[in-house]
Amino acid sequence: MAGGHAGYNWQLGSFVFGFETDLQGTHLQSAMNGGLTFTPPVNPIPAGTLAQTIALIDWYGTLRGRVGFATGPWLFYGTGGLAYGNVSLSSTFSGLGLSTSFLASDVRTGWVAGAGLEYLFLPNLSFGLLYQYVDLGSLNGSSMTIGPLASLSQSATTHAQFQSVMASLSWHFAPAPSGPWAGGYAGGQVGGAWGNNASAIYSSTAAPTILISDARLKREIALVGRRSDGLGIYRFKYLWSDVTYVGVMAQEVALIHPEAVARDALSGYLSVDYGRLE
C-alpha cells in the first residue's frame, strides 16, 4: 500500500496531541476455494465444478486523534478514530451444468486504532513507523440458480478487518514556539497489510424440484437466454427476497410445456416442475 497523510499537533512540554488524516491505495485480497456440499452426496466431485470467493479492499482512509509523549527527537503516540474504505466481495459456484455468481461492492465505515513513533532527524523532517488495526465491518452476498435437474446456491461474507504497518516521511511546516512537534505537517507513507478474510457456503441439490415460478411473484426480471424450444431463461428476485435466481416464468412455460405447470387451488399461483423441462 502507498498513500499520503496530513495533520496538526499541539505541544505542552513533553505532551503532544493533535489529529491526522491519511488515505492509501491497496490491493488487499483474500480468496477462498472449496467448501462444497452436494445433496445427495456426490463422490468424487464432478469435473468442471468450481467454487471461489474473493474479498478485496481497494483503498482505505482514516481520520484519527493522536496523543503522545516527546523525548528529545523522538515522539511515541497512540491513535484512534474513524476509518472508511471500499470493500468488494465476489463469488462464483459452477457445477452440474449450472453456474451462479454475484458481485457486491460498497464504501464502508468503521474504526481504527494503533500506535506509532517518529524521529525528527532535521528541524522540518521526520521519519515514522505506524501500526493500524482497522475494522470496516462485514459485507454479504448470495445467489442461486435452478436448472431442470439441479439447483445451486451460495452465500458468502467478508469481515473487512485487517492490520497494516507503514513507514512514513513527514515535512513539518514552521514548528510553533511551544515545541518542535507543534504545528502542521504532511507527507507520504508506504507499507503492507494482512487480514480481510472471506468465508462462503456452497450447496447444490441434484434432484427435480417443483417451484413457484409465477411471474406475479417476481421482480427485476431480465432475460438472459433462450432454450432450443424457445423457452426463456430469466434472472429475477422474488418479491420477499434479495437473492438473485435464474429460472423460467410459469406463464411462458404453460404455453410451451403445459404438462410441467400446476396451479395452486387456493392462491391461483403457478408452479413449474423442473423435472419435466429436460
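Read the figures in this text as sums done on the coordinates, not as results from a lab. Predicted, not measured: the structure shown is a model, and the values here were computed from it. Methodologically, a virtual Cβ is constructed for each residue, glycine included, from the backbone with ideal geometry; neighbour enumeration extends over all protein chains shown.
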Top mean-square fluctuation among GLY179, GLY25, GLY247, Gaussian network model of the chain, C-alpha springs under 10 Å?
GLY179
Can you tell me, using C-alpha contacts under 8 Å and at least 6 residues apart, the relative contact order of the chain as a whole percent?
17
Sort VAL107, VAL112 so the one with the fewest other Cβ atoms within 10 Å of its own Cβ comes first.
VAL107, VAL112
Ordered by residue, what ³J(HN,Hα) values in Hz, to whole numbers, does the stretch 228-236 give under the Karplus form 6.51 cos²θ - 1.76 cosθ + 1.60, where θ = phi - 60° and Gly and Pro are x?
5, 8, x, 6, x, 10, 10, 9, 7
Given contacts defined as C-alpha pairs under 8 Å and at least six residues apart, what's the relative contact order of the stretch 209-276, whole-number percent?
35
Which residues qualify? For ASN197, with a placed amide H closer than 5 Å and at least 5 residues away or on another chain, they are HIS159, GLN161
Could you tell me which label, among (i) 60, 42, 38; (ii) 89, 40, 29; (iii) 61, 45, 41, carries the value of Cα extents along the principal axes in Å calculated for this structure?
(ii)
With +1 on each Lys and Arg Cβ and -1 on each Asp and Glu Cβ, and nothing else charged, work out how big the dipole of the chain is about its Cα centre, in Debye to the nearest 20.
120
Please work out the C-alpha center-to-center distance from the stretch 225-253 to the stretch 83-117 and express it in whole Å.
27
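Calculate the dipole size of the stretch 209-276 relative to its Cα centre from +1 charges on Lys and Arg beta carbons and -1 charges on Asp and Glu beta carbons; express the result in debye to the nearest 20.
160
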So what does log10 I(q)/I(0) come out to for the stretch 223-278 at q = 0.15, 0.20, 0.23 Å⁻¹, using the Debye formula with one equal point on every Cα and no solvent?
-0.46, -0.79, -0.99
Can you run phi through the Karplus equation (6.51, -1.76, 1.60; θ = phi - 60°) for the stretch 66-83 and list ³J(HN,Hα) in whole Hz, with x for Gly and Pro?
10, 9, x, 10, 9, 9, x, x, 9, 10, 10, 8, x, 8, x, x, 8, 10
Exposure-ranked with fewest Cβ neighbours within 10 Å first, LEU136, LEU169, LEU12 stand as LEU12, LEU169, LEU136
I need the phi-derived Karplus couplings for the stretch 51-56: 6.51 cos²θ - 1.76 cosθ + 1.60, θ = phi - 60°, integer Hz, Gly and Pro marked x.
9, 8, 10, 10, 10, 9
Taking placed amide H atoms and a strict 5 Å upper bound, the residues 5 or more places from GLY137 or on another chain that come that close are ALA160
In deg cm²/dmol, rounded to the nearest 500, the helical mean residue ellipticity at 222 nm of the chain, built from -39500 (n - 2.57) for every DSSP H run of length 4 or more, is -500 deg cm²/dmol
Going by C-beta contacts inside 10 Å, put GLU259, GLU252 in order with the fewest on the left.
GLU259, GLU252
